[in-house]
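*Asks:* Have a look at this one.
Just so it is clear, none of the values below were taken in a lab; they were calculated from the coordinates. Remember, predicted model here, so these are calculated numbers, not experimental data. Cβ placement follows ideal geometry from the backbone for every residue including glycine, while neighbour counts extend to all protein chains displayed.
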Amino acid sequence: MSGAGLAGDTRLPEKGLGLALEILEQVARDDRGASAAEIARAVGAPRATVYRVVNSLVRDEYLVRRGDFSGFLLGTRVLELAAIVGARTRPEHAAVVDRLRDDTGEAVHLFAFHRSGLMVLDEDATRPLSDPDALLADPTRSAIGHLWLVAHPDRRLPQAPNWRVAPPADEVRAIHEAYAVRGYTEQVALLTSDRGCLAVPIHDDAARPVGAVTLSTSISRLSVAARHVGALRDAARALAPLGSLSGW
């Protein structure tokens, strides 16, 4: 992309705001500096469209080019906003999630759903995700991925480009059937051999799943951890009004 691409009025159209946010998310995930081609593949949008939006974000200092022009990093305006928010407020969900961690004594994580996959909103800092790359790449290997599949029954790759593994139809059907019985999802030893996880959905005002709260523990404690499902559901109900505030 040349400097000429930034000339004139490159103001971002309203319909491009959603794509711009997805682009910023992809850049934030890659601290090496994501290239425009990598961003286009990740968000599933035409490369020319991504170039135009990236140009707008660079012009407005939300993105910055790496010194060697190999990719893009978050710009000063994003970093300044993050610093302001971090200094002045705690996320509105923090009290609910912190209390759930204290009450259960287990690793608790908060996720949001978007059309391309998952977003980690609050990772348990003391007991972090065991394999976040695998979790965010394959929906069949995590309880939260199972919930995303339940919430998006008509979504298929490559329309969900963040998922790099397409689940077999019979496996998706089994996930739906298990969820219909339990009302939550569960995985055992699919990410790491000694851990399991439970996931309970968070719904918006229209009863649409917009995210989930998960509890991870050792396999030896997983059956006992099922006693916390009620607490997870209470937390999910408390978190539901925050969905719109958090941009879920």
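*Asks:* May I ask which residue of Ala206, Ala231, Ala174 lies farthest towards the positive end of the charge dipole of region 162-237, with charges of +1 (Lys, Arg) and -1 (Asp, Glu) on Cβ and the Cα centre as origin?
*Replies:* Going by the charge dipole, the pick is Ala231.
*Asks:* So how long is each side of region 92-183 along the principal axes, counting just the alpha-carbon atoms, biggest first, in Å?
*Replies:* Result for region 92-183: principal-axis Cα extents of 38, 29, 23 Å.
*Asks:* Which three lengths, in whole Å and largest first, does region 23-123 cover when its Cα atoms are put on their principal axes?
*Replies:* In descending order, the Cα extents are 49, 28, 20 Å.
*Asks:* Here is a further query. Which distance in nm do the two modelled labels at His176 and Asp68 give, with both placed 7 Å along the Cα-to-Cβ direction?
*Replies:* 4.7 nm
*Asks:* Another question, if that's okay. To check my understanding: the extent here is largest minus smallest coordinate of the Cα atoms along each principal axis. What are those three numbers for region 170-248, in Å, largest first?
*Replies:* The Cα atoms of region 170-248 stretch 36, 28, 21 Å along their principal axes.
*Asks:* Here's another thing I want to ask about it. What are the ³J(HN,Hα) values, in whole Hz, obtained from phi via the Karplus relation 6.51 cos²θ - 1.76 cosθ + 1.60 with θ = phi - 60°, for each residue of region 41-53 in sequence order, with x given for Gly and Pro?
*Replies:* In residue order, the calculated couplings are 5, 5, 8, x, 10, x, 4, 4, 5, 4, 4, 5, 5 Hz.
*Asks:* Then there's this: Rounded to whole Hz and in sequence order, give me ³J(HN,Hα) for region 175-188 from the Karplus expression 6.51 cos²θ - 1.76 cosθ + 1.60, θ = phi - 60°, writing x for Gly and Pro.
*Replies:* After applying 6.51 cos²θ - 1.76 cosθ + 1.60, I find 4, 4, 5, 5, 5, 4, 7, 8, x, 8, 10, 8, 9, 10 Hz.
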